[in-house]
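A.B. asks: Starting off with a structure, shown below.
The values are calculated or read from the model by the stated rules, or taken from the named source; none is laboratory data. Given the structure is predicted, the values throughout are model-derived calculations rather than measurements. Virtual Cβ from ideal backbone geometry, glycine too; neighbours counted across all protein chains shown. Ligands, DNA and RNA are excluded from the accessible area calculation, which covers all protein heavy atoms including side chains. Shrake-Rupley method; radii C 1.70, N 1.55, O 1.52, S 1.80 Å.
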Amino acid sequence: MADNNPADTIPEMQQDAQDSSNAPAASFDTEKLRQLIQQLEAQSLSRDPGLSKLQREEAEERTAVHEFWSTQPVPKSSEVVVADGPLHPPLAPELIPKVPHPLPSGMEWCLVDIDSPNEMNEFHDLLLNNYVEDADSMFRFNYSLEFLRWALLPPGFNKDWHVGVRESATGKLIAFISGIPVDIMVRDKTIRMAEINFLCLHKDMRSQRMAPLLIKEVTRRVHLVGIFQAVYTAGRLLPKPVSTCRYFHRSLNPKKLMDTGFSQKLDGTQLAKLVSSLRLPILTSIPGLRAMRKGDVSQVRKLLNRHLKTRYDVLPVFRTDAEIAHWFLPREGVITTYVVDDAEAPGKLSDFISFYSLASSVLKPAGVARSKGAVRKPHGVRPQTTHATVNAAYLFYYGTKTDYGVSLTEEEKLACGGHKKEKALVKEKENALIGARLTDLTRDALILAKEAGFDVFNCLDMMDNAMFTRELKFGPGDGYLRFYFYNYSSRSVPAEKIGFVML
Ligand SMILES: CC(C)(COP(=O)(O)OP(=O)(O)OC[C@H]1O[C@@H](n2cnc3c(N)ncnc32)[C@H](O)[C@@H]1OP(=O)(O)O)[C@@H](O)C(=O)NCCC(=O)NCCS
């Protein structure tokens, strides 16, 4: 198991203690003083009102102690990763425990059967009442049952990776964590990983070091099938992100977003101006745009894999048509995919774009519907709203052929005067074509999402999204999503080179 595997790094504190035991007293004092100064600097930095939320979190992280993560195969926050590769080799089968880690008394491990309506309802309710909230506890993700089935039952799923914890006395589901298998390409290497998601603890169970037990248990189960790497995302800063992406939001229903407190309060005139500036065309603009069908699956697979491989540094590899059919064929209230019939090549597709549906519950003011033990950040004026949810569409994957076969004229080649400059010009032309096409595709996706009743369209500044967010009037949000690898040290990846979307 990872927490006592041979490649684990020695936690910083232990290392310091070992180093200092042989050192003269003066250098020990100097070292302690250096640490103290660093801590004070980080503390005062983290209180500096001039810092952004991101900078404050990073300042705090410099002195954070990670009792659990410091024992795991992940880089330390202070480490500068200079090469990619696993932190420990595959574990010999005899080193992987065959039975689950013990839980505190009164709790027991269980599997959640995603095919059982009763168990799915329990799991759905756990998330509905306890899953991710925004920083002000005004909204909480509200994954639908169909969405959860889609997310957890892809081809090759492993039912042993749908791990729950129940209260022994009542049988109540109080915690969950899951994994699904995924092939992830990190630069030039493709690695079989577990994609870990839906880590959730009932609010009454927080701050009792249960999360490490869940993480260790799903890790053990993943190890048992010979997989030793994982990918996961979190809003919070842990050791150590491979990339940090920012959320962007495109309002489709400004009044509802304002009424629910999702966006800033405006007076009547300001709101009218905003509504008019955000108005979208009634009809989509791309000829041949239509909902994806079964017969499109293998073309979508080729388009997507090529787009991902040519554009990004971290990407999933879709090996089979079954995976594409699962992830992309439209499912009402879950995933929407539109393809474009190529006008110049009958029977061929030129592009596709997809988005998934994930509502957020609008939370009641403190004290009205809170479960015991919930920690709520104080918040100023809460809007009075009758809306129960904000319906959000999240951009998923896209692909386009618009950059295929870009070449230079003889004059352009001459003007370049060398291979390097020619390559740069080809790249520039490809980027311009992709930027323009993605802008049109996403504008049409916004129109379709609005028509389908979504209130907001969200994306991260990952993939080529920065090419269209400004023009299509997406605004930066205050949320970030960090990408992490378990047992894989990777040089950091800029947001625009992340080509992997996690639900
Ligand atoms: C995330 C959650 C399970 C953490 O539970 P908790 O009671 O706050 O934390 P615990 O006391 O059990 O464990 C603390 C350890 O877990 C780690 N941890 C907390 N949240 C984590 C996350 N999202 N991913 C990985 N590790 C996490 C902490 O860093 C800490 O380890 P450290 O001491 O090495 O830093 C809980 O807050 C929760 O269910 N939140 C709502 C859902 C959610 O945010 N899920 C995560 C989605 S990414």
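A.B. asks: Give the angle, between 0 and 90 degrees and rounded to the nearest 10, that separates the Cα long axis of helix 268-277 from the longest principal axis of the Cα atoms of the chain.
C.D. replies: With both axes taken from Cα atoms, the answer is about 70 degrees.
A.B. asks: Give me Rg over Rh for region 96-228, both radii from the alpha carbons and Rh done the Kirkwood way, two decimal places.
C.D. replies: 0.97
A.B. asks: I've got another one for you. Expressed as a whole number of Å, what is the distance separating the alpha-carbon centroids of region 414-433 and region 147-161?
C.D. replies: 44 Å
A.B. asks: Also, quick follow-up: In whole angstrom, and with the biggest value first, how far do the Cα coordinates of region 52-124 range along each principal axis?
C.D. replies: Extents along the principal axes, in whole Å: 45, 40, 28.
A.B. asks: Expressed as an acute angle from 0 to 90° and rounded to the nearest 10, what is the orientation of the C-alpha long axis of helix 117-130 relative to the principal long axis of the chain?
C.D. replies: 80 degrees
A.B. asks: Note the count of lysine pairs whose C-alpha atoms are less than 24 angstrom apart in region 96-228, limited to pairs 8 or more residues apart or on different chains.
C.D. replies: 7
A.B. asks: Whole number in Å², please: accessible area per residue of region 96-228, 1.4 Å probe, ligands, DNA and RNA not counted.
C.D. replies: 40 Å²
A.B. asks: At R0 = 41 Å, how high is the FRET efficiency between residue 364 and residue 168 if r is their beta carbon distance? Nearest 0.05 is fine.
C.D. replies: 0.85
A.B. asks: Report the accessible area of residue 80, computed with a 1.4 Å probe over the heavy atoms of all protein chains in place, in Å² rounded to the nearest 10.
C.D. replies: Answer for residue 80: close to 120 Å² accessible.
A.B. asks: Longer than 22 Å from Cα to Cα, which of 265/473; 302/421; 294/450 are they? Say none if no pair is.
C.D. replies: 302/421; 294/450
A.B. asks: Using 0.36 nm per residue, how much length does the chain from residue 236 to residue 473 gain when fully extended, once their Cα-Cα distance is taken away?
C.D. replies: This chain segment gains 82.7 nm when fully extended.
A.B. asks: Calculate what fraction, in whole %, of the accessible area of region 96-228 sits on carbon and sulfur atoms when a 1.4 Å probe is rolled over the protein chains.
C.D. replies: 53 percent
A.B. asks: Separate question: Which order do 67, 217, 133, 61 take when ranked by solvent-accessible area (1.4 Å probe, heavy atoms of all protein chains), largest first?
C.D. replies: 67, 133, 61, 217
A.B. asks: Diagonalise the Cα gyration tensor of the chain and give the resulting equivalent ellipsoid semi-axes, square root of 5 times each eigenvalue, largest first, whole Å.
C.D. replies: Its equivalent ellipsoid spans semi-axes of 38, 30, 26 Å.
A.B. asks: Can you order the peptides 420-431, 237-248, 311-322 by their average number of other Cβ atoms within 10 Å per residue, highest first?
C.D. replies: 237-248, 311-322, 420-431
A.B. asks: Moving on to the next point. Relative contact order of region 96-228: what whole-number percent is it, with Cα pairs under 8 angstrom and at least 6 residues apart?
C.D. replies: Answer for region 96-228 is 26 percent.
A.B. asks: Give the calculated FRET efficiency between residue 293 and residue 153 to the nearest 0.05, with a Förster radius of 22 Å applied to their Cβ-Cβ distance.
C.D. replies: In this case the efficiency is close to 0.55.
A.B. asks: I would also like to ask the following. At residue 408 and residue 421, where each label point lies 7 Å from the Cα along Cα→Cβ, what is the point-to-point distance in nanometres?
C.D. replies: Going from the residue 408 label point to the residue 421 one covers 0.8 nm.
A.B. asks: Here is a further query. Using only the C-alpha atoms of region 204-354, find the volume of their convex hull and express it per residue in Å³.
C.D. replies: Dividing the Cα hull volume of region 204-354 by its residue count gives 217 Å³.
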